[in-house]
1. Please report the spacing between the Cα centers of region 547-563 and region 709-726 in Å, no decimals.
2. Relative to the Cα centre, what is the charge dipole magnitude of the chain, using +1 at the beta carbon of each Lys and Arg, -1 at the beta carbon of each Asp and Glu, and rounding to the nearest 20 debye?
3. Report the calculated FRET efficiency for ALA536 and TYR389 (r = Cβ-Cβ distance, R0 = 45 Å), to the nearest 0.05.
4. What is region 100-207 by shape, rounded, prolate or oblate, if you read a ≥ b ≥ c off the alpha carbon gyration tensor as root eigenvalues and call it rounded for a/c under 1.5, prolate for a/b larger than b/c, and oblate otherwise?
5. Would you mind ranking PHE345, PHE687 so that the residue whose beta carbon has the fewest other beta carbons within 10 Å leads the list?
6. Could you give the distance between the Cα centres of region 260-278 and region 308-349, to the whole Å?
7. Which FRET efficiency, nearest 0.05, do THR272 and GLN88 yield, Cβ-Cβ r, R0 35 Å?
8. Using a simple spin-label model with points 7 Å from Cα along the Cα→Cβ vector, what separation in nm is obtained for ALA421 and PHE227?
Amino acid sequence: MGLVNWEWRGRSAANGAAALLATVAAIALSAQLANAQQAADQQTDQTKKADEEKAAPAGATLLDKILVISRTGETAIESLASASHVDQEQLDRRMATTPNEMLLGVPGVAAQADARRVSTSINIRGLQDFGRVAVIVDGARQNFQRSDHGTQSTFYLDPELVESVDVIRGPVANTYGSGAIGGVVFFDTKDAEDFLKPNETWAGSVTGRYESNGKGWTSSASGAYRFNENWDALGNIVYRNYDDYKDGSGDTVKGTGFDVLSGLLKTTIRPTDNSELKLGWVGSSDGWNEISGGVPVNDVDLKSNTFTARYNITDEDKSWLDLHVSTSYNRTNLDLTSLVPLNRFDPTTGLPIVLPAGSTSTFDIGTTSIDIWNTSRFETAGIAHELTYGGDWVGDNVKTGGTAGGDSFYTPSGKRNVSGAYVQDKLTWEWLEVIAGLRYDNYSLKDDTHETSGDRLSPRITVGVSPFESAGLAGLQFYGTYAEGYRSPSITETLISGNHPAGVSFPFLPNPNLRPETGKTTEFGFNYKQNDIIEAGDAFRLKAAYFNNDVDDYIEGVTLSAFDPTSGCPFGPGIPICFQYQNFAKAKINGFEMEGVYDAAWGYAGLSASIINGHTISYEGDRADLATIPSSQVTAQLGLRFLKDKLTVGGEVQYNGKPKGNAVAKDYTLVNAFASYQATDNLKIDFRAENLFDVKYANPLNGSTTVAVYEPGTTLKLAATMRFGG
């Protein structure tokens, strides 16, 4: 499997240009074949039917797609939770370069990437890092973690490989794995079934794209084949090469360039009419430079491979049997190689040392997971039940090393196992819906000198009512939820020890007595859906919710004084302080979220908003602002359709309000515009302009109390995609 072990990596714009030219050449060579195929396709009944379905806007309403992450087959608007679905149409409009761009306008969700744009950490409702948000790709948990100043828990996934994104906010997502007290983000990669037209046995596509800010080149090629009606396969390969971008003031932000080579292989086999097996691999080879003092100091080489297998079998009516088995293995290896000599401190002795150029640090993290669940559907005394029960296990194996004083010191080696089992019953009777669930979690983690473990039961109760029957209010549903979630401490939080290796020397203290975090969320919200409001075929969807999340025993890093005899901080080499992760009495987070869209034949209009506040309270009663609170946001979107839906033009306006307590953050407003033209059935042109007014701004999550990492200024994106098949 040569694709698994990526060894090639380009670094120059010339390589990117060559890749794009190769793509353009492929487009040109395939144009005649595609045009001939188009002429034939236009005569088929399948194409006519597809055109008719495309013209019906209600069927494409943004909030009416089944959530991949749903265990009971719900859409976002039907779920009694704060859930969002981002489909392929939305992803195409966003022309995302990095994962955070895929989540534009999703309320309560923010992303942190620092200057390392390909590594992303997701924040939901002010919670992130160390597994507080479960990031899942095709069923595989993404648990890579590299501790440093900035992001802690990151994942690596090229947007070109993604078919849809589902988000569930809050611990109501506790059927999807342990620790997700913030929520779950599920990325579903592309399938052959979604790529192939009904009358096709094979199909392919090539895409070339250029971005003005950073002179970024993207080339992508996809191919799919249908062996028979019960077996198909798809492959995709993506290459990106980007230079450093410029911020809104025209200043180059050093260290923001990167190159990426990503790939996807996926096959779906249907052994019977009621069963399906999906096997997949997603891999990437990424490279970038890390900057300090305005000069490159580290060359970064990252390789990531995710293998997944998902099996589903049902009985004829999906009554008692709807069994899902998901297994996965994800391994991420990140290597740092110093480009210049570095002045450091030995993490064992605390004495000054010089790391010569070529010194290395390695981070090798493997995650194995198993998830099994079944849903049984039946009735008792006129009440419909959807009883879901199952269990899951995730194991992390962390190995770090390298030259003494290297950056791998921050992330200690060790093993962690997290497992759980749950039962949940969704009861429906006329206007009343009740969801009651209970989850059991267990964890253990250890290294050569420490070992700790724990377990807990976490409940959930949700009540939803649809009290109205009149035409205008029949689609209105109110709900209230109380849910708890349980997050075990990570290996780093528990086991980090030794002396700080850079800048100044001071000790890190392990804390094997850390208690797990317990999130307790109360949420009240409503869902509203209505069709044929102004004209036949239009649709309106609206979700809104207020939430309050109290996280008991919240874990955060604290600075201790060696002059305090009760702190446990010893005097030693360097300055007289220590750093240790400790429990706080509580983190209190509350806020409001809403997401709405109106869709009609002429186009669509959408509005989303989120306001989040949060602080920590120590056991002594001291209160402090929570550093991970993102900007409050309001995002408005408008799209207009022309030429029988072949041309869509529109834009987005997003206001970002400064989080309380962030010294470097400011209010800012971004304006984007886009256009998409389906020139033929097989040729599509996309254009996007981001940050039209060249605003100089920083994501509050990316800055510290004194330094801000500024985001790109005006960026123009142009892409062409040629598709062919037969």
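Throughout, read-outs are computed from the coordinates displayed, never taken from laboratory work. Bear in mind that the values here come from a model prediction, so they are computed numbers and not experimental data. Reconstructed Cβ throughout: ideal geometry from the backbone, glycine too, with neighbour counts over all protein chains shown.
1. 42 Å
2. Values: 61 positive and 88 negative charges, 244 e Å.
Once rounded to the nearest 20, the dipole reads 1180 debye.
3. On the way: r = 43 Å, r/R0 = 0.96.
About 0.55, to the nearest 0.05.
4. Working: a/c = 2.34, a/b = 1.68, b/c = 1.39.
In terms of gyration-tensor shape, prolate.
5. Values: PHE345 24, PHE687 15.
With the sparsest Cβ surroundings first, the list reads PHE687, PHE345.
6. For region 260-278 versus region 308-349, the Cα centre distance is 18 Å.
7. Working: r = 28 Å, r/R0 = 0.80.
Once the sixth-power term is evaluated, E becomes 0.80.
8. A separation of 3.7 nm, rounded to one decimal place.
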